[in-house]
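Here the structure comes first, spelled out in structure tokens, and everything after it is commentary.
Read the figures in this text as sums done on the coordinates, not as results from a lab. The shown structure was predicted, so the numbers you read here are calculated from the model rather than taken from an experiment. Heads up, the Cβs are rebuilt from the backbone with ideal geometry, glycines too, and the neighbour counts pull from every protein chain shown.
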Amino acid sequence: MVSERDEELAAAAQGFYEQELKALLEPSHMGEYVAIDAEARLFGVSSDPVAAFENLSAQGARSKPVLLRVGSAWTFQMLSH
């Protein structure tokens, strides 16, 4: 079951991606994963989803991360953090 908070985090991450990251990432990272902490405005990118989360975590991410695939409409969320 997805909580209202999880839905809010996913929407915030999608908005951050569309407004700030899409133009930056799509030219050179198409098909890779971007893990996003929308509250802290942090992100990590990798061809491996676990590495994308690790890259984000290394930057000091604080909220539950959201995972997007660069160039795709799919959104994934971690169930625990």
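Here are some notes:
- Rg/Rh for the chain, where both radii come from Cα atoms and Rh is the Kirkwood radius: 0.93
- Charged neighbours of R5, selected by a Cβ distance under 13 Å, balance to -4 (K, R count +1; D, E count -1).
- Helix 4-16 axis, angle to the chain major axis (alpha carbon atoms, nearest 10°): 20 degrees
- Local net charge near K22, Cβ-Cβ under 14 Å (Lys/Arg +1, Asp/Glu -1): -3
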